[in-house]
């Protein structure tokens, strides 16, 4: 029997940067250098076609990628429909679609 | 032994090697055709299609009429080399047959006839052979000149050659001058020859020991022929033999497909690397990207050196495809390569689609699929809303909330199986809602609906077609103004779907169309193409800016287009308003 206490316990969300291998992330950033200019405005996520249907979140994906949390990135990338709305609204002109394609090549 | 001298050995070796390699390659590629394609060949051989192919071979492989349309001097250069050489072989054969009264002389007897039978002069054949040699030499001279100043022959940026191409090119350039010198020296020594070789030989004889230099010249001629024949199957000149079966295969109905490798091989090898595809490429002219054009893409695929960097870096706008004198399926070949590189099983992807609520509104006969890009362009959806109200149709908006992408961007990136998941989802949605007409304001969606959805019983319309129909039925009465609009053909709507006139009629009903230089099948790309995943935003903008400058050159007050992505890409680089045609009808 589960008891409803009216609240739940979150999974620990700490990222251990000493344990994560950041070289695949560095390789990806080298492949699509425009991601360096991200200002984390979240426009990509606000317009995302896949994001309207799921928890897919390009902004979060990008953030976790740079921190070496590849399991999340791998799991999420497949949800993208490559429609390109994020690229069109990005105020920094980041080539989001190329990053998605590069992730699939670098993180199999 | 008659018809033999050691100097014919290089030539004979070359001929045997050349034809063995060509036949080996043809057989290999033919076996790589899919069973369906081979069926098309069997059914097509004994039909009028084969006759039509013979005509096309004459027009395109020999006369090169399509290159004449690009530039007359360039066309003359190519046809003089192709037709001229072909006629030299034909007349050379006739000449030997006439003098020797036999049809069974070996090949070297025809090629080196002057050496073996130097005494003939005057009459029809020596004259014709000299005339044809002069015709070919004029083309060779133009080819030299093209290397120095290509722009004089209508080519702004010529192709960069591979080392193999250079060997073939240099030997080709030497063949005919050496033939001229060898024949002239022999003619000079014997006091024979036609108007060209005879006169040149007589003049050479005044200051040269022509009887001594003739023999080494024949050797040199034979050696460069060998060099050309050996390098030919591995260089751009493989196109000479490959274009012929390609023309037949195409007429018999064989198409570029992911399943068949053979037809792609015929196409890759039929590319002559003329470089006509380079100049129309806006990535080259406006953004300085110069290693990815179709000529280089096909070369890299042919020699197995292709990288994603090259195959992805193309807007697939199709401007080069309409210019290609060989008529290669440049977009389809590019897509085939991308699919080979990137397609992966997608059964585990898009599980979330199963839960996506289909916004069903049964009862509507007309469905509207705005498309992702239109959803980012509220001005278009606002106008479309007003147009639908005026139409009296009860319209179901398929992708207003929680819409799913049409699948074309995934398909264009090479992820065919993933695209199919989205296609299946949307198709089921359309069918479930029982619509009979599907309107979209995005040409990217339009193209995939028409090509990959197999929507039986549903008429797919671009909104320009829908609006034009409403105007004809007087459901819409646009107010005619004297505003001058430059109409921009979206790639996927114009070259992609062949819709050029309908949107122009719609725009003309509310304004005046400006004249343009790059129009219809030669229309420019906006730079924002979803097919390209490599261009930086700065490069996209450079292309967009250049397109805007050309579109407004004749003084248009606004640019009108029929694609939300074009509107965005041009709009951010334009000094004049960029409108969708729906906005022109209902602002």
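No lab work stands behind these numbers, since they all come straight from the coordinates. Since the structure is predicted, the reported quantities are computational estimates derived from the model, not experimental observations. Glycine also receives a Cβ, built like all others from the backbone with ideal geometry; neighbour counts cover every protein chain displayed.
Could you line up B:173, B:396 from fewest to most neighbouring Cβ atoms inside 10 Å?
Result, fewest neighbours first: B:173, B:396.
Under 1.5 on a/c is rounded, so check that first for segment B:437-560, then, if it is not, pick prolate when a/b is larger than b/c and oblate when it is not; a ≥ b ≥ c are the square roots of the alpha carbon gyration tensor eigenvalues.
Oblate.
With only alpha-carbon atoms counted, please give the Rg and Dmax of chain B, in Å.
Rg, Dmax (Cα atoms, Å): 29.5, 97.
Which Rg and Dmax, in Å, describe the Cα atoms of segment B:119-277?
In Å, with Rg to one decimal and Dmax whole: 19.8, 66.
Projected area of segment B:339-475, taken from the Cα convex hull and averaged over every viewing direction, in nm²?
Directional mean of the projected Cα hull area for segment B:339-475 stands at 8.4 nm².
For segment B:81-106 and segment B:312-388, write down the distance between their C-alpha centroids in whole Å.
For segment B:81-106 versus segment B:312-388, the Cα centre distance is 56 Å.
Would you mind pulling out the separation of the Cα centroids of segment B:176-208 and segment B:1-73, in Å?
Each part's Cα centre sits 34 Å from the other's.
Is the C-alpha gyration tensor of chain A telling us rounded, prolate or oblate? Criteria: a/c under 1.5 is rounded; beyond that, a/b larger than b/c is prolate, otherwise oblate.
Oblate, since a/c reaches 1.5 and b/c is not below a/b.
What spacing in nm lies between the two simple spin-label points modelled at residue A:105 and residue B:554, each 7 Å away from Cα in the Cβ direction?
For residue A:105 paired with residue B:554, the spin-label model returns 4.2 nm.
Would you calculate, for the protein assembly as shown, the mean residue ellipticity at 222 nm contributed by helices, counting each DSSP H stretch of 4 or more residues as -39,500 (n - 2.57) and dividing by all residues, to the nearest 500?
-16500 deg cm²/dmol
What does the convex hull of the Cα atoms of segment A:54-108 come to per residue, in Å³, rounded to a whole number?
Given the Cα convex hull of segment A:54-108, per-residue volume reads 81 Å³.
Considering only C-alpha atoms, what is the centroid distance from segment A:30-72 to segment B:390-457, in Å?
When both Cα centres are located, 26 Å separates them.
Can you tell me the 0 to 90 degree angle between the C-alpha axis of helix B:330-342 and the longest principal axis of chain B, rounded to 10?
It is inclined by approximately 70 degrees.
Under 8 Å for C-alpha pairs, at least 6 residues apart: give me the relative contact order for segment B:130-228, rounded to a whole percent.
Relative contact order for segment B:130-228 comes out at 29 percent.
What nm distance separates the two modelled labels at residue B:19 and residue B:144, each placed 7 Å from Cα along Cα→Cβ?
Distance between label points: 3.3 nm.
Calculate the mean, over all residues of peptide A:82-93, of how many other protein chain Cβ atoms lie within 10 angstrom of the residue's Cβ.
Per residue, the average neighbour count from other chains is 6.
Can you give the relative contact order of segment B:148-203 as a percent, counting alpha carbon pairs under 8 Å and 6+ residues apart?
Relative contact order comes out at 21 percent.
First check a/c for the protein assembly as shown, with a ≥ b ≥ c the square roots of the eigenvalues of its C-alpha gyration tensor; if it is under 1.5, answer rounded, and if not, answer prolate when a/b is larger than b/c or oblate otherwise.
The shape class here is prolate.
Can you tell me, using C-alpha contacts under 8 Å and at least 6 residues apart, the relative contact order of segment B:396-549 as a whole percent?
Relative contact order for segment B:396-549 comes out at 19 percent.
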